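Enquirer: Please find one structure pasted underneath; my questions will follow.
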Amino acid sequence: MANRVSASIELGGSLTATDYIELSEIIASEGLSIEWDGEPFEPDHRVAGARLSLYAHEVAWGRFEKLETWCVEKRLVFARWSGAYAGEWGAERVVFTGDGAPVSFAADEDDTVVINRGTVEKLASLDAIIAYFDAADVRVPPLVVEGDPSEAPSAQISNPTSLQGPRIGPA
């Protein structure tokens, strides 16, 4: 049996209506909900103009493997937090910006990115350290589905790299 921990994920970007149906099925198969200990996800739980935040306890290896793979294939931005499993792995934040590969950052149980002395020495400058933290604090955009009403609220961000996204770890 797999080791299991609490985990959460935020999703954002643009999808076709058909892709949203597929995404909803994957989310349901992962046993996610829109709040800790909430009811199972339904497609109408998504709020137009907002990123989609999802939560679960007892997540195998702290990863949503099928969902994360699908998001990478569709270039859907995500930030995932998962808790530590004592003696096996530490808590982490994984971010995918829509390009490249997902990147993992060490975090604590409150989804605060942490850095050790070895990493500080490797980065070697305050600017590089700040850039490291900025990369971990990716701002997840709203999840927009083709056909959303044009009056849906949307995030107005002038410089998304300068903003810190909300923490997604357990409340």
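Enquirer: Return the pairs, sorted by first residue and then second, in which the second residue is surrounded by 12 or more Cβ atoms within 10 Å (Cβ to Cβ), the first residue lies in region 93-121 and is free of Cβ contacts under 8 Å to residues at least 12 places away in the same chain, the beta carbons are less than 8 Å apart, and the residues are 6+ apart or on different chains.
Expert: Listed pairs, sorted by first residue: Val114/Ala106; Val114/Ala107; Val114/Asp108; Asn116/Ala106; Val120/Ile129.
Enquirer: I would also like to ask the following. I'd like the full set of residues that are at pLDDT 95 or above, of a type in the set (Asp, Glu) and over 18 Å from Ser104 (Cβ atoms), limited to region 56-81.
Expert: Within region 56-81, just Glu73 meets the criteria.
Enquirer: When region 83-99 is examined, which residues are found to be closer than 27 Å to Asp19 by Cα and at pLDDT below 95? Break it down stepwise before answering.
Expert: First, pick out the residues of region 83-99 that are closer than 27 Å to Asp19 by Cα: 93-99.
Gly98, Asp99 - these are the residues of region 83-99 that are closer than 27 Å to Asp19 by Cα and at pLDDT below 95.
Enquirer: Could you tell me whether region 63-76 includes any residue that is aliphatic (A, V, I, L, M), out of contact with any Ser or Thr (no Cβ under 7 Å at 6 or more places or on another chain) and touching a residue at least 60 places away in the same chain (Cβ under 8 Å)? Even if it seems obvious, please write down each step before you answer.
Expert: Here is the first cut: in region 63-76, the residues aliphatic (A, V, I, L, M) are 67, 72, 76.
From what's left, out of contact with any Ser or Thr (no Cβ under 7 Å at 6 or more places or on another chain): 67, 72, 76.
If we keep only those that are touching a residue at least 60 places away in the same chain (Cβ under 8 Å) as well, we get 76.
The answer is yes, given that some residue of region 63-76 is aliphatic (A, V, I, L, M), out of contact with any Ser or Thr (no Cβ under 7 Å at 6 or more places or on another chain) and touching a residue at least 60 places away in the same chain (Cβ under 8 Å).
Enquirer: Please go through region 137-171 and pick out each residue that is modelled with pLDDT of 95 or more and more than 14 Å from Gly13 (Cα to Cα).
Expert: If the condition is that a residue be modelled with pLDDT of 95 or more and more than 14 Å from Gly13 (Cα to Cα), then no residue fits.
Enquirer: From the list Ser8, Ser24, Ser53, pick out the single residue that is of a type outside the set (Phe, Trp, Tyr), surrounded by 22 or more Cβ atoms within 10 Å (Cβ to Cβ) and either within 17 Å of Asp111 (Cα to Cα) or without any contact (Cβ under 8 Å) to a residue 24 or more places away in the chain (or both).
Expert: Values: Ser24 fails: surrounded by 22 or more Cβ atoms within 10 Å (Cβ to Cβ); Ser53 fails: surrounded by 22 or more Cβ atoms within 10 Å (Cβ to Cβ).
Within the list Ser8, Ser24, Ser53, the selection yields Ser8.
The values are calculated or read from the model by the stated rules, or taken from the named source; none is laboratory data. Since we're looking at a predicted model, the values are computed, not measured. Cβ sites come from the backbone with ideal geometry, for glycine too, and all protein chains shown count toward neighbours.
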